[in-house]
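Rule-based calculations on the coordinates, nothing more; no lab input. Note that the structure is predicted; figures quoted are calculated from it, not measured. Cβ sites come from the backbone with ideal geometry, for glycine too, and all protein chains shown count toward neighbours.
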Amino acid sequence: MTIKETLNFASEQLKSSCERPLFEAELLLAYHLHKDRVYLHAHENDDVVENIEIFEALIARRASYEPYEYIVGKTSFYDIELFVERGVLIPRPETELLIDEVSSIIEKENLTSIAEIGIGSGAISIVLARKFPSLKIIATDISADALNIAKKNIETFRLSDRIALMQTNLLDGIDAKVDLVVSNPPYIAHDALLESNVIDYEPHTALFGGDIGDELLKQIIIQVRERKISYLACEMGYDQKASMELFLTQLGVQYTRFYDDLAGLNRGFIIKF
Ligand SMILES: C[S@@+](CC[C@H](N)C(=O)[O-])C[C@H]1O[C@@H](n2cnc3c(N)ncnc32)[C@H](O)[C@@H]1O
């Protein structure tokens, strides 16, 4: 089959699983051929696609709702590309805002020692470590799969001497003094309806925060306060501001600022204890 015929076939296969079937077919064919999309258009009638059965297998995976990022094993986040595979959450664009929030605190307060709860692929810690060369980070995760993937990404960016990993619940067992904790914890309610590409492929330990969804966020606030750490910056669900505000008021926490995402939805908070 030519490139054009292959794309026609593939976009037909992706019609029910993808919003933009032709675009996704092009991305996967470009990946299969180690070329870019411009090349596909320039050679659509003259090149024959080799190893078509391998490409068909990629299309079958995407047609079964597997995320594109797991199929190609990578994703773009902030200013870097990260390795991802099943077992770790695919970092979301809104989490880039959490990095900007934390960056301004690190800059303003000259912080050199922070912790991340739930490092996942390494997205937040790696971007922060690259932005701030004096920064040391202790990062935890409860999932061994996530920590293995984070380790691989940390090694790729040669940051193993500045990001220490630990498999633990929240900050349990961490004694080192840190000035700030950042976290994008699981915050979805256990019965929330999620799309197949999320619920059937992404790790549930990375998605669900409890019956209501904000249980882990609340545990994080309590742990950070108990440890007398100055700052906490967390991502949260767009509908969790009221319950977090109430919880913080009940705890008597003085300074909190909520921030919005680019769609104008409540997306996270910063606490200075
Ligand atoms: C929403 S993902 C965020 C991953 C990554 N930080 C990001 O922003 O893409 C939440 C992460 O927290 C981890 N996690 C869940 N429960 C945890 C707990 N009790 N203690 C530490 N990590 C936890 C999950 O395994 C997952 O990697």
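Listing for the model above:
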{"item": "Straight-distance crosslink candidates among lysines, where the alpha carbon sits under 17 Å from residue 151 and sequence neighbours closer than 8 are dropped", "result": "74, 136"}
{"item": "P(r) weight above 27 Å for region 86-272, C-alpha pairs, percent", "result": "21"}
{"item": "Using alpha carbons only: equivalent-ellipsoid semi-axes of region 3-64, gyration tensor based, whole Å", "result": "18, 12, 10"}
{"item": "Sorted by Cβ density within 10 Å, fewest first, the residues 49, 198", "result": "198, 49"}
{"item": "Chymotrypsin sites (Phe, Trp or Tyr not before Pro) lying in DSSP loop within region 26-69, provided at most 15 other Cβ fall within 10 Å", "result": "none"}
{"item": "For the chain, built as a Gaussian network whose Cα springs stay under 10 Å, the top-fluctuating residue of 40, 28, 216", "result": "40"}
{"item": "Nearest-ten-degree value, helix 52-63 long axis tilted from longest Cα axis of the chain", "result": "40"}
{"item": "For peptides 241-247, 8-14, 86-92, sequence by mean Cβ density within 10 Å, most packed first", "result": "86-92, 8-14, 241-247"}
{"item": "Nearest-ten-degree value, helix 241-251 long axis tilted from longest Cα axis of the chain", "result": "20"}
